[in-house]
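Before any comments, here is the structure.
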Amino acid sequence: MEHVDRCVVLVDAGYLLGAAASLLAGEPARSRITVDHAALIQQLRDRAEAETQLPLLRIYWFDGAPDRVPQPEHRRLRVMPRVTVRLGALTRSDGRWAQKGVDAAMHTELTELSRNRACSDIVLVTGDGDLLPGLMSAKEHGVAVHLWAVQAADGDYNQSEDLVAEADERRVLDRAWITRAVRAKDLSGLCAPPPAPRPEIAAILAAPLPESGLAASAERAAAAAHHAAAAPVAPADAPDRGPAPGDGQPVNGGVPQPAARAVPTPKDLAALRGPSLPPPPPASATLRWSSDRGWIDRPAAPLGEPAETASLPTLAQLTSAEQRWADREEDITTVGGDPYEVGQVFARRWLDRLPESGHVPKLATMYPRIPHRIDGELLRYAARFGLLAHKDDQIDEHDRYAIRAGFWREIDVHAAAQHAPAPEESRGTP
């Protein structure tokens, strides 16, 4: 049985993108680069077909993911024509992420393709010497092996020397080729910052996390006391967090803390907010940091959903089977997975499917708290994009706040559109 005259490309994404990050950003962290995956796949296909003079059978994309759950980039890749995604595990050890099972999967695919004579040429984009036995096996089955390297940042090899020696052909993907689909992020790490949220959302996002709040309270108290005489009212962009931990209330396990800083009066806060924004919280309120975050009175409200929000439908209740299929398609092909964007997409769908507009004002009265049922559904939706699986399986609070900020931003846009004055209709002559 003869080999079929076609080529296959096997890509070790960890090597390709890590080496590209080293070349363009000076370190192998993939978070330092942005990738146009569609353009990169097309470049790989065009170059493989040009160098082998054969049509492409398929591109296999090997990568790691936490618990082998596809990340947003994997979801986009696996629906592209002629692309198959194979995922290994991504584990964290000693503060570093490491791929598990990717090399074994590449070795298996390389061996099976050559043994089954599925192709005559295989392009390997990798630098790992663990693939040497698979490469030698492919050669013994009569397959030509092309080894591609990413230009090394230091001008030296970033591949196993044994792998380089055994390959039939070797090519280098230089900086000019890489930068057609990959670029380094700027110092801020933001490629397309979301629209500026309203001041209250900015305050929530700027507020300290629970683990850092108590440590920072002493510094805030000292600064507030120092400037109290000169500036008794907080600046307009200052986060509104309510009473500081320690206004005679038990915090951190019930241990009373001494009051240490001046708090602007409700009248001052009302003047800063303006007439269109929510009123200040009660003097006894505190900012809740759980998934049910919001201003709550002490003592805590009784368990159970408040009557004013119990009637709000969830997105699942508003979504038909056809819409669910369309949503899944949009998630795979369009939604990038940025936390802020995820919150916006969820809110947009919820708003578009509401049977009556009266639910929106009812929800607005709850700001910044999202009702428990809807908030839980929002976070479960975000989990599809891998946003909530972070270091040691602890939920990243910054992502949670960004998700909710995106949700409220979309609610704001919808409410503003509803209250915008309608343009006057042109009157024709009788």
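Taking other Cβ within 10 Å of each residue's Cβ, how do Val345, Val9 sort, fewest first?
The fewest-first ordering by Cβ neighbours comes to Val345, Val9.
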Once both label points are put 7 Å beyond Cα along the C-beta direction, the Arg92-Thr333 separation in nm becomes 3.4
Amide H of Val85: which non-local residues (sequence gap of 5 or more, or other chain) have their own amide H closer than 5 Å, using H built in the peptide plane? Trp61
So for the pair Ala321, Ala152, with labels modelled 7 Å out along Cα→Cβ, what separation do we get in nm? 5.8
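Can you tell me the FRET efficiency between Lys139 and Asp174 if r is taken as the Cβ-Cβ distance and R0 is 35 Å, rounded to the nearest 0.05? The partial results should precede the final answer.
Details: r = 26 Å, r/R0 = 0.75.
Here the calculated transfer efficiency is 0.85.
Which loop chymotrypsin sites (Phe, Trp or Tyr not before Pro) in region 33-108, with loop taken from DSSP, have no more than 13 other Cβ atoms within 10 angstrom of their Cβ? Don't skip to the answer; put the middle values down first.
Details: sites: Tyr60, Trp61, Phe62, Trp97; in loops: none.
Sites meeting the loop and neighbour criteria: none at all.
The numbers here are math on the coordinates, done by the rules we state, and not lab data. Everything numeric here is computed off the predicted structure, so don't read it as measured data. Note: ideal-geometry Cβ built from the backbone for every residue, glycine included; neighbour counts use all protein chains shown.
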